[in-house]
Amino acid sequence: MRRSIFLVPVFVAALIAALVPAAAHADGLPVLGVDVGSSGVSSGPEGARYVTIPAGSSTIVERVAQDGGQVLAWRSLPGTFTIPAVAYDGSAGGLSADGTTLVLIEPRTSFPRAATRLLVLGSDSLRPRRLVKLKGDFSFDAVSPDGSWLYLIHYVAPSDPTRYLVQAYDLRGGRLVKAPITDPNEPGEKMRGNPLSRAMSSNGRWAYTLYDGAGATPFVHALDTVARSARCIDLDGVPAGTDLWQLRLVNDAAGRQLVVRDRATPLLLVDLRTMKVRAAGVQAPLSETRDFTPLKLGASGGAFVVLIASAVWMRRKRQRAVD
């Protein structure tokens, strides 16, 4: 169950969507000004990195060697597309674990949008395989390891970007599965929250996303991209008043648990076998953590930072007045 005990600005995402000018293109997240196209996505330290570059009414997509930066392949695509971001910490997605499929998304210029387009490419040739056209406002969430299933966040409340459903799209059959993916233990619970951080299992099967809970208990959404199922793991151990936007989600070195960090300090541990949560006993060695790609903002991205900073300042000011 979600408990409304956290002093977090629930309305941040809605305000950002309203305040940032439409000219600041972004990817599939429900705000403007967030762009990871230039930093791209890779399959790992040994794999290539994929980036997108806007070119007027076209998009250039490149496969770049991470060692040396050599451009291994490139293609000019009609239309405007970008690498999708999956969380506000700058986590990028779109590349299947087997390295065969790359998914791009059309940048949004407003929230909500009436239609969403995604472009599926072969990662080697960068040749388009399928153009996915959907009625309604969606963002990219994950892709299955073999590239056969696409997972989407469907924003279902025009005035509230924290209300959403998770839906699957069959890339081979070309159809959206109408029934949303829910936790079988909580089938009637509504999904709400802002995606703060993302971690993937080493085989690309599980996508773990840390959500702020939109004013209620923060939680980890564990999406099984093979079985098309999910679990919601409540993080009841997060202290009241925690600045949730500073939390990060990482895998430990052995891949057996998730570490919820408050900045650099481990806060909670999630056992990936049992999905149980416990407090972190000691600080994890630096070798057990990974650095996140910094959040890249577009031309009006400063509004995003100022808005969050102002909300946090006002919250702390009110707290001091009460004390």
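Observations on the model:
- Odd one out for residue 78, checked against (1) under 24 Å from residue 154 (Cα atoms); (2) at pLDDT 95 or above: (1)
Conditions tested, residue by residue: (1) open to solvent by less than 60 Å² (accessible area, probe 1.4 Å); (2) under 17 Å from the mean Cα position of the chain (by Cα); (3) not small (Gly, Ala, Ser).
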site	(1), (2), (3)
101	yes, no, yes
106	yes, yes, yes
125	yes, no, no
132	yes, no, yes
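- Scanning segment 163-211 for residues that are within 19 Å of the chain's Cα centre (by Cα), in a loop (DSSP other than H, G, I, E, B) and aliphatic (A, V, I, L, M) returns a single hit, 181.
- Among the residues of segment 121-165, the ones that are of a type in the set (A, V, I, L, M), more than 23 Å from residue 35 (Cβ to Cβ) and free of Cβ contacts under 8 Å to residues at least 24 places away in the same chain come to 2 in all.
- When residue 265 is tested against (1) among the hydroxyl-bearing types (Ser, Thr, Tyr); (2) touching a strand residue (DSSP E or B) at 6+ places or on another chain (Cβ under 9 Å); (3) surrounded by fewer than 20 Cβ atoms within 10 Å (Cβ to Cβ), exactly one condition is not met: (2).
- Counted residues, segment 40-79 - those being polar (S, T, N, Q), under 16 Å from residue 126 (Cβ atoms) and part of a loop (DSSP other than H, G, I, E, B): 2
- Here residue 231 meets each of (1) open to solvent by 10 Å² or more (accessible area, probe 1.4 Å); (2) in a loop (DSSP other than H, G, I, E, B); (3) touching a strand residue (DSSP E or B) at 6+ places or on another chain (Cβ under 7 Å) with one exception, condition (2).
- Members of segment 62-88 that are open to solvent by less than 70 Å² (accessible area, probe 1.4 Å) and closer than 28 Å to residue 249 by Cβ: 63, 64, 81, 82, 83, 84, 85, 86, 87, 88
- Conditions (1) touching a strand residue (DSSP E or B) at 6+ places or on another chain (Cβ under 9 Å); (2) open to solvent by 60 Å² or more (accessible area, probe 1.4 Å); (3) in contact (Cβ under 8 Å) with a residue 60 or more places away in the chain; number of the one not met by residue 214: (2)
- Hey, residue 248 over 16 Å from the mean Cα position of the chain (by Cα) and not in a loop (DSSP other than H, G, I, E, B) or not: no
- So residue 160, is it within 21 Å of residue 31 (Cα to Cα) and in a loop (DSSP other than H, G, I, E, B): yes
- All of 159, 197 fail the test of being farther than 27 Å from residue 248 by Cβ and either of a type in the set (S, T, N, Q) or open to solvent by 20 Å² or more (accessible area, probe 1.4 Å) (or both), apart from 159.
- Boolean, residue 129 is of a type in the set (D, E, K, R), farther than 25 Å from residue 278 by Cα and at pLDDT 95 or above: yes
- Of the residues screened, residue 222 is one that is under 18 Å from residue 167 (Cβ atoms) and either part of a strand (DSSP E or B) or open to solvent by 10 Å² or more (accessible area, probe 1.4 Å) (or both).
The values are calculated or read from the model by the stated rules, or taken from the named source; none is laboratory data. Small disclaimer: the values here were computed from a predicted structure and weren't measured. So basically every Cβ, Gly included, is an ideal-geometry build from the backbone, and we count neighbours across all protein chains shown. The accessibility values were calculated without ligands, DNA or RNA, using every heavy atom of the protein model including side chains. Shrake-Rupley method; radii C 1.70, N 1.55, O 1.52, S 1.80 Å.
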